[in-house]
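Structure record follows, encoded as structure tokens.
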Amino acid sequence: MRPLPFQSGKTVTDTPNLKASAIAHANIAVAKYWGKRNNEINLPYTDSIAFNVDALVTETTACWNDDDFRDGLVINGWEVPAQNIGRLQRILDAIRQKTGLTQRCILHSKNNFNLATGLASSASGCAAAALAASKAAGLDLNESELSSLARLGSGSAARSIPDGWTRWHAGTREDGSDSYAVSIAPPNHWPLHVFVVQVSDTPKSISSTDAMRKCQDSPFWQTYLNETKDAADIAQNAIVQRDFAALTAAMHHNTMLLHALAMTCQPPILFLAPKSLELIQHILRSSQAMQVCCTLDAGANVVILCEEVCWPFVKNDIIALGLPYIQTHIGHGARLI
Ligand code: DP6
């Protein structure tokens, strides 16, 4: 097979086998990404902090071939209509541009959790796709290059590439070359328990992308930006020092700011369901007596973090509300399988 030309003039001499598989975990933000300075390549206004969730996994196989006339995506056995794969298209186009490949790519993806319910399946999906498709194309990208590539599909996917607890640097460059995530601590740095509580399994009525855009018209948008400008530093310090009280304060404040902002859009965006509120109230009460805290991304499901000694109590609270849940830990970054 012919060597692959690179834009830089370099060539890949090893023949890529054009097929590779990778897994990536969903991540949940402690200090959130909300609002884009560039909508095309998902550049955020602020740095964000998140952790990978061990039990929420997307596994993707990418295969470049000459037989197909367009890129394709199959999720859990269902073919996604061509008009809905725009996010992945950006990743695949970037790989074609870097390598000179002309082939199309078919991605087969499996999620072990529900799509579009605020559990960041786009993050794990785009991260796994970026790793599998770039490897299959013969590219050996380093972690920050992979994180930037995954970001093109979905901003939060940048954080599903590195290990454990991660920080996505917003960067300042127009081309996004300094906007990628790095690991700030491995999964075993802090042996917290994670509960992912499924409050709703109905898809969100609005995507994060659209909700972010609308939030910029809220009368509180500027206040939100001012209030969150140091959120990533505060959250990172809490994590590095394993200071649960500081983590709780940072995470609760950041979560409430985002949801309050969404509620002040016109028309209002309400991600919370009644059961989300009920559970949050339980957790806020419990957090005064023990080391437990919670957050929600752009959906109704609630993610709870707690110290080892507290998990039986937290579990009882969730069971008392009759909600399905997954108990898990902080997860690893994306990897080839
Ligand atoms: C609330 O990464 O899904 O989960 O870049 O438009 O794909 P796009 O948005 P997405 O937004 C995630 C928003 C959030 C907060 C976070 O994960 O930081």
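From helices alone, the chain scores -10000 deg cm²/dmol at 222 nm; the rule is -39500 (n - 2.57) for each run of n ≥ 4 DSSP H residues, then divide by the residue total. Protein heavy-atom surface of the chain, 1.4 angstrom probe: 52% of the accessible area is carbon and sulfur, with nucleic acids and ligands not counted. Between Asn316 and Ser205, the C-beta separation translates, for a Förster distance of 30 Å, into a calculated FRET efficiency of about 0.40. Excluding ligands, DNA and RNA, the accessible surface per residue across region 193-328 is 48 Å² with a 1.4 Å probe. Once all protein chains are placed together, His189 keeps about 40 Å² accessible to a 1.4 angstrom probe. Simple spin-label estimate for Thr223 and Ala289 gives 3.4 nm between the two label positions (7 Å along the Cα-to-Cβ direction from each Cα).
The charge dipole of region 128-235, taken about the Cα centre with unit charges on the Cβ atoms of Lys, Arg (+1) and Asp, Glu (-1), comes to about 220 debye, rounded to the nearest 20.
Dipole magnitude for the chain: computed about the Cα centre from +1 point charges on Lys and Arg Cβ and -1 point charges on Asp and Glu Cβ, it is near 340 debye. Loop sites here are GluC sites (Glu not before Pro) outside DSSP states H, G, I, E and B with no more than 14 other Cβ atoms within 10 Å. The longest part of the chain free of them is 175-337. Look at the dipole of the chain built from charges on Cβ: of Ala55, Val309, Ile161, the Cα furthest out on the positive end belongs to Ile161. Taking 7 Å steps out from each Cα toward its Cβ at Ala249 and Glu278 produces label points 3.2 nm apart. Projecting the Cα positions of Ala133, Ile28, Ala181 onto the charge dipole of the chain (unit charges on Cβ atoms of Lys, Arg, Asp and Glu, taken about the Cα centre) puts Ala133 furthest along the positive direction. Summary: within the chain, the longest segment free of trypsin sites (Lys or Arg not before Pro) located in DSSP loops with at most 11 other C-beta atoms within 10 Å is 174-337.
Using the Cα centre of region 193-328 as the reference point, and only Cβ charges (+1 on K/R, -1 on D/E), how large is the resulting charge dipole? Debye, rounded to the nearest 20.
On the way: 8 positive and 12 negative charges, 43 e Å.
Dipole size: approximately 200 debye.
Among Thr166, Thr102, Thr209, the residue with the largest mean-square fluctuation in a Gaussian network model of the chain, with springs joining Cα atoms closer than 10 Å, is Thr102. Maximal additional length on extending the Trp78-Arg335 stretch stands at 90.1 nm, based on 0.36 nm per residue less the C-alpha distance.
Looking at the square roots a ≥ b ≥ c of the eigenvalues of the Cα gyration tensor of region 25-89, which shape do they give, rounded for a/c under 1.5, prolate if a/b is larger than b/c, or oblate?
Numbers: a/c = 2.98, a/b = 1.57, b/c = 1.90.
The shape class here is oblate.
Among the lysines of the chain, pairs at least eight places apart or on separate chains and with Cα atoms under 19 Å apart come to 15. For region 299-312, backbone phi angles converted through the Karplus equation (6.51, -1.76, 1.60; θ = phi - 60°) give residue-by-residue couplings of x, 8, 6, 10, 10, 10, 10, 8, 6, 2, 5, 8, 4, x Hz, Gly and Pro being listed as x. Largest mean-square fluctuation among Ala260, Ala26, Ala129, in a Gaussian network model of the chain whose springs join Cα atoms under 10 Å apart, belongs to Ala260. When nucleic acids and ligands are ignored and a 1.4 Å probe is applied, Met290 ends up with an accessible area of around 50 Å². In the chain, a dipole from Cβ-located charges (positive for Lys and Arg, negative for Asp and Glu) runs towards its positive end, and of Ala249, Gly322, Leu336 it is Leu336 whose Cα lies farthest in that direction. The residues of region 19-189 present an accessible area of 36 Å² per residue when probed at 1.4 Å with all protein chains retained.
When the surface is traced with a 1.4 Å probe over the full set of protein chains, Val309 keeps roughly 110 Å² accessible.
Fully extending the segment from Ser177 to Asn38, taken as 0.36 nm per residue of separation minus the present Cα-Cα distance, adds 48.8 nm.
Remark on the chain: Cys63, Cys105, Cys126, Cys215, Cys265, Cys293, Cys294 stand apart, with no other cysteine beta carbon under 4.7 Å.
The values are calculated or read from the model by the stated rules, or taken from the named source; none is laboratory data. Quick caveat: nothing in here was measured; it's all calculated off a predicted structure. Using ideal geometry, Cβ is built from the backbone for each residue, glycine included, and neighbour counts are taken over all protein chains shown. What goes into the accessible areas is simple: the full protein's heavy atoms, side chains included, and nothing from ligands, DNA or RNA. Shrake-Rupley method; radii C 1.70, N 1.55, O 1.52, S 1.80 Å.
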